[in-house]
Amino acid sequence: MGRRFQAQCVRESTAGHVPSESAVTFVGIGTESLFRTLKYRPGYPVNGFADLTEARQWVLEFVRWYNGEHRHSQIRFVTPEQRHSGADVAILAQRQALYEQAKAERPERWSATTRDWSRPGAVTLNPAGANPAARPDQPA
């Protein structure tokens, strides 16, 4: 993502909104999850970065991997790039067909229906109307 696009996203997502303490904490959960993914990615420098330039370069490569190669479970194991471009529709249809074929060929191996490969609806970090205090992973 370009800097102007990122700045625009921040402006649009925060326009006229002063987050409460619980909303900030809830956003922190997503940030912590992303940081964990970043920190446990192979190649993360255990002893830190030599300088800011090295850190920026590493994060840039991480973002390219995260959006272009990493398959996300919440969007049925496709990449964000595939999801945003619409390529996920064909990928998910192909997976569904493959599972149906496998079930037809060996029904004894299946105790129920096949995995749901339908395209999920909107996926958001902070769904509108979500109550962060009601989340089980939220500290009391």
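The values are calculated or read from the model by the stated rules, or taken from the named source; none is laboratory data. The shown structure was predicted, so the numbers you read here are calculated from the model rather than taken from an experiment. Cβ coordinates were reconstructed from backbone atoms using ideal geometry, including for glycine residues, and neighbour counts include every protein chain displayed.
Points to keep in mind about this one:
- One residue stands out among those in the stretch 60-113 that are among the acidic types (D, E) and part of a helix (DSSP H, G or I): the one that is surrounded by the most Cβ atoms within 10 Å (Cβ to Cβ), which is D88.
- Cβ separations smaller than 8 Å between residues 6+ apart or across chains give no pair from the stretch 82-100 residues that are assigned by TED's automatic domain parsing to the domain that holds W65 to residues that are among the charged types (D, E, K, R) and assigned to a helix (DSSP H, G or I).
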